[in-house]
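Input: a single structure, listed below in structure tokens.
No value in this document is a laboratory result; all are computed from the given coordinates. All of these numbers come straight from a predicted model, not from anything done at the bench. FYI the Cβ positions are ideal-geometry reconstructions off the backbone, even for glycines, and counts take in every protein chain you see.
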Amino acid sequence: MNQELTKKETPSAYTTNHLAYSGHFLNDFGQYDGCQSQTVSHYLTMYFLFNKTVNLTIGFCGPVSCSSTDALNNIDTIYQLFDKGMGLPLKDYAPKNATTFYDPRRGEEVDFVTVLVFILLIGVVSLSVMGTSMNAYFEIKDTARKSKKGGNKKPLLADKAPEKGSGSGDQSGDGKEVAKKEKKPGERNYKGFFKLLNCFDLRKNFNRLVTVKYTDNYDYNLELFNGLRVLFMMYVVYGHTYLFGTQYCGNPNDILLIAKGWYLLVIYAALYSVDAFFFMSGFFFAFIAIGKLKKMRANIKSYLSLCFHRLFRIWPSYAFAILFFYKILRFMGSGPIWFVMDDTVALCNEGKVFENLFFLDDFLVQSANYCYGWGWYLSNDF
């Protein structure tokens, strides 16, 4: 790269073929796709710490042979290109000792665990498709059978009412009638593998997720918490989006103006939404546990049973989410700031992922940046 950048004919050629795709001001990523589509150019993200407080970026479209190491070794030449080509005194904002170049060409290794998680992902997706399709097929078949039945005078054998004197249930060997569990409309008694597929029906699981189950013991006063959950969840998302988005602000000076605004207190108050979720989590666990403990003998076994049930309702999904993030997600994106995801995933290396899998991260981490950092809530909750 040094030879390419220092040749006398390079500046004009570079300005024509490369500089147009680079960023033209701070936090401007330029044209990532346009640069990568050129056979003679390659995109790098220039990332630096301004004034020891604010992280800034700028897109740099260089020669195709230019790697992140090459760019860092020739940073003085790059300063000159930005200064003369666009009038941007980049040297004043990006000191050498606080500047890093990220290359999207960094290779992603596929190891055994990645393949295993991918197979597990394919298995879950396949079971979901098969389970949903199976129930949809039987529903169509049942609808057609009922339509055909409506035109016949004689009912089908399976739909005949019990004979007189036989009652609504089966009889045991001593002649006593045994009550038979009534099936809900459209419900089927699956067995074996079909029972497993039924558990992965996407429509059924979605309805369970968004539908409130009303029973005789349902406490309507608890519906207040449904609204609070939605409000606090939106508040958490809004707070994170606002704070993380400021580091890519088009004009870095706007960050100082934002910090002085009174409405920043509204954003900062989103931190207390997490405390609200802690309260609701503890409240509901106590509310449910007290009801169950009344029906159980209060001993160590009963308490361990409650803890085991709570843990394994969450842990399989949580473990799958962590492994998906660690091994699969990095292959699913690209772009000028995808290096942020790469660096975040790298925090799970060297066995750090096990700290999250076993809810130990809140005890063992030494900084705020660690593997699957947003999982701290569950670790704290447990």
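Summing charges over neighbours of Leu357, with a neighbour being any other residue whose Cβ is under 15 Å away from its Cβ, gives -2 when K and R count +1 and D and E count -1. Legend: calculated FRET efficiency, Phe25 to Ala319, from the Cβ-Cβ distance at R0 = 51 Å, rounded to 0.05, equals 0.70.
Between Val125 and Asn55, the modelled label-to-label distance comes to 3.0 nm, taking each label 7 Å out from Cα in the direction of the beta carbon. The 3J(HN,Hα) values that the Karplus relation (6.51, -1.76, 1.60; θ = phi - 60°) gives for the range 231-245 are, in residue order, 5, 5, 5, 5, 5, 5, 5, 5, x, 5, 4, 5, 5, 6, x Hz. Gly and Pro appear as x.
Peptides 263-269, 229-235 ranked from most to least packed give 229-235, 263-269, packing being the mean of other C-beta atoms within 10 angstrom over each peptide's residues.
May I ask which of Lys146/Lys191; Lys295/Lys327; Lys141/Lys213; Lys295/Lys352; Lys204/Lys292 have a Cα-Cα span longer than 32 Å here? Walk me through the numbers on the way to the answer.
Values: Lys146/Lys191 23 Å; Lys295/Lys327 44 Å; Lys141/Lys213 28 Å; Lys295/Lys352 41 Å; Lys204/Lys292 27 Å.
Violating the 32 Å Cα-Cα cut-off are Lys295/Lys327; Lys295/Lys352.
For the range 249-361, just run the numbers: alpha carbon Rg, then divide by 2.2 N^0.38 Å, N being how many residues it has. Write out the running numbers ahead of the final one.
On the way: Rg = 21.2 Å, N = 113, 2.2 N^0.38 = 13.3 Å.
Relative to the rule-of-thumb radius for its length, the range 249-361 sits at 1.60.
Look at the dipole of the range 81-146 built from charges on Cβ: of Leu90, Val110, Val129, the Cα furthest out on the positive end belongs to Val129.
Please go through the range 40-145 and write out the trypsin sites (Lys or Arg not before Pro) that DSSP classes as loop and that have at most 12 other C-beta atoms within 10 Å. Here the sparse-neighbourhood loop sites are Lys52, Arg105, Arg106. Checking the a/c ratio against 1.5 first, then a/b against b/c, what shape does the Cα gyration tensor give for the range 26-76? It is oblate, given that a/c is not under 1.5 and a/b is not larger than b/c.
Computed from label points 7 Å out along Cα-Cβ, the spacing between Leu72 and Val212 is 5.7 nm. The spacing between the range 55-112 and the range 319-382, judged by their C-alpha centroids, is 27 Å.
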